[in-house]
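J.: Just passing along the structure, written as structure tokens.
The values are calculated or read from the model by the stated rules, or taken from the named source; none is laboratory data. What you see is a predicted model, and the numbers here were worked out from it, not measured in a lab. Glycine gets a Cβ as well: all are built from the backbone with ideal geometry, and neighbour counts include every protein chain shown. When the accessible area is computed, the model is the full protein with side chains, heavy atoms only, and any ligands, DNA or RNA have been set aside. Shrake-Rupley method; radii C 1.70, N 1.55, O 1.52, S 1.80 Å.
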Amino acid sequence: MTPPVRKILHADCDCFYAAVEMRDNPSLRDIPLAVGGSREGRGVITTCNYPAREFGIHSAMPTARALRLCPQLTLVPPNFDKYRDVSAQIQAIFHELTPLVEPLSLDEAFLDVTDVQGFRGSATWMAQWIKAECLARTGITVSVGAAPSKFLAKIASDWEKPDGLTVIPPERVDTFVRELPVKKLHGVGPATGAKLDAMGIHHCDDLRAQPIDRLLDEFGKFGRRLYELSRGVDERPVRVERERKSISVETTFHHDLPDLASAREALVPLCEKLKARIERNGDPPQAGVFVKVRFDDFTTTTLESRGLEPGLESFWQLLDQAWARAHRPVRLLGVGVRLLSEEARQQLTLPL
Ligand SMILES: [Mg+2]
């Protein structure tokens with residue numbers, strides 16, 4: 001027996017932190033607004049509203065750069081306690097619909113609503129209900145995508161943002177995916193995107209024309225994933241109660257970085273991205289930092305330090321040591337933080 005077609009929702013608040021600030025101070029509503037660290041503290045933008053985006057500002061951008069693009073930008077420091085409260089309210093709404101909720105960050109989650117009996121089983125109605133309840137109870141607009149798989153639900157929630165609702169029913173998956181630009185696929189970053197581009201592969205239809213062997217040759221294990229995604233296949237389940245163990249970002253470079261100096265330089269934007277990602281996750285308590293380096297011969301080394309703070313100096317220090325292990329050109333760099341486990345966190349707050 002074939003399993004029933006799944007119904008997956010991806011719900012994602014629109015410019016969440018900025019939306020909370022605008023809700024609490026309506027005078028910020030129609031002016032360019034960003035939530036982030038200060039220019040003096042070498043901070044980055046965590047979230048910005050749509051008027052700010054018109055100036056080309058986006059999350060993970062250094063605040064100094066954002067202020068050059070838009071000198072009249074209003075900058076608000078993040079208030080994570082407040083965002084965590086609103087997030088808890090929104091997650092509670094998701095849980096009224098189904099226990100199968102997988103939060104991805106404070107403002108984003110997958111829901112498996114395949115077995116939900118209410119709403120006559122209509123994913124569209126469920127999505128409408130989520131949007132209405134979130135707005136009524138928290139004042140925040142949410143974009144929702146509905147589809148038979150996670151990667152399509154996520155693409156769908158982004159399709160008509162802000163305040164969007166996009167449904168990709170099973171019978172439309174094939175047509176939808178055919179015309180989908182490959183850069184929209186889960187896991188296709190700038191390097192893979194450029195490579196596909198150079199191979200003349202722009203849409204999933206082009207990807208489908210490729211034999212699996214060629215994709216495996218060119219992309220390794222990820223070739224199989226590309227083969228499947230371009231056919232709309234993504235069996236990843238919605239995972240409940242996953243405890244996050246780390247937050248990290250990594251980049252594969254178009255051209256290998258020849259020496260340590262260029263690797264050190266490439267670490268700067270990565271650290272900014274990491275900082276923004278940590279903030280998007282509500283700045284959880286951390287236990288240490290790590291650097292991952294893959295060399296041109298595909299050997300990979302990870303160096304980790306428990307006590308260090310996630311600043312550029314710490315990552316440089318680890319990179320220097322990691323690079324000394326091989327002295328080779330660098331293909332991939334990653335930086336991340338280990339999170340304190342829930343257990344360790346509770347022990348910290350227990351009375352002695
Ligand atoms: Mg969001």
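J.: Once the piece of chain linking residue 268 and residue 305 is laid out straight, how much longer is it, given 0.36 nm per residue of separation minus the C-alpha distance between them?
T.: That pair, residue 268 and residue 305, stretches by 11.5 nm at full extension.
J.: At a 1.4 Å probe radius, carbon and sulfur cover how many percent of the accessible area of the chain?
T.: The nonpolar share, carbon plus sulfur, comes to 52 percent.
J.: Test of the criteria: in segment 225-257, which GluC sites (Glu not before Pro) are in a DSSP loop and have at most 13 other Cβ atoms within 10 angstrom of their Cβ?
T.: 235, 241, 243
J.: Can you compute 3J(HN,Hα) from phi for each residue in segment 5-20, using the Karplus curve 6.51 cos²θ - 1.76 cosθ + 1.60 with θ = phi - 60°, rounded to whole Hz and x for Gly and Pro?
T.: 5, 7, 10, 10, 10, 10, 10, 9, 5, 7, 5, 3, 4, 5, 5, 5
J.: Let me check I have the definition right: for the chain, take the eigenvalues of the Cα gyration tensor, multiply each by 5, take square roots. What are those semi-axes in whole Å, largest first? Can you show the working numbers first?
T.: Working: eigenvalues 203, 168, 89 Å².
In descending order, the three semi-axes are 32, 29, 21 Å.
J.: Which distance in nm do the two modelled labels at residue 328 and residue 298 give, with both placed 7 Å along the Cα-to-Cβ direction?
T.: Label at residue 328, label at residue 298, 1.1 nm between them.
J.: Measuring from centroid to centroid over Cα atoms, what is the spacing of segment 174-205 and segment 108-141 in Å?
T.: Measuring centre to centre over Cα atoms gives 30 Å.
J.: Ok, one more. As an exercise, use a Förster radius of 30 Å and the Cβ-Cβ distance of residue 256 and residue 95 to find the FRET efficiency, rounded to the nearest 0.05.
T.: With a Förster radius of 30 Å, E is 0.05.
J.: Need one number: nm distance between label points at residue 72 and residue 206, each 7 Å from Cα along Cα→Cβ, rounded to one decimal.
T.: The answer from the label model is 4.1 nm.
J.: Tell me what the chain gives for mean residue ellipticity at 222 nm when only DSSP H runs of n ≥ 4 count, each as -39,500 (n - 2.57), the sum divided by the residue total, rounded to 500 deg cm²/dmol.
T.: Result for the chain, helices only: -12500 deg cm²/dmol.
J.: While we're on this one: When a/c is below 1.5 the answer is rounded, else prolate if a/b is larger than b/c, else oblate, so apply that to segment 175-229 with a ≥ b ≥ c taken from the square roots of the Cα gyration tensor eigenvalues.
T.: Here segment 175-229 falls in the rounded category.
J.: Follow-up. Run the numbers on segment 246-348 and let me know its relative contact order in percent, using alpha-carbon pairs under 8 Å that are six or more apart.
T.: Relative contact order, segment 246-348: 43 percent.
J.: While we're here: Are there any GluC sites (Glu not before Pro) in segment 156-219 that are in a DSSP loop and have at most 15 other Cβ atoms within 10 Å? List them by number.
T.: Here the GluC sites (Glu not before Pro) that fit, given the DSSP loop and packing criteria, are 160, 179.
J.: Between residue 58 and residue 38, take the C-beta separation as r, use R0 = 22 Å, and let me know the FRET efficiency to the nearest 0.05.
T.: 0.75
J.: Find the accessible area per residue for the chain; the probe is 1.4 Å, ligands and nucleic acids are left out, and the unit is Å².
T.: About 50 Å² of surface per residue is accessible.
J.: Given the options 118, 293, 329, identify the residue whose Cα lies farthest towards the positive end of the charge dipole of the chain (+1 on Cβ of Lys, Arg; -1 on Cβ of Asp, Glu).
T.: 329
J.: Kirkwood Rh over alpha-carbon pairs of segment 21-78, then Stokes-Einstein at 10 °C and 1.306 mPa s: what D in µm² s⁻¹, rounded to an integer?
T.: On the way: Rh = 10.9 Å.
Translational D for this selection: 146 µm²/s.
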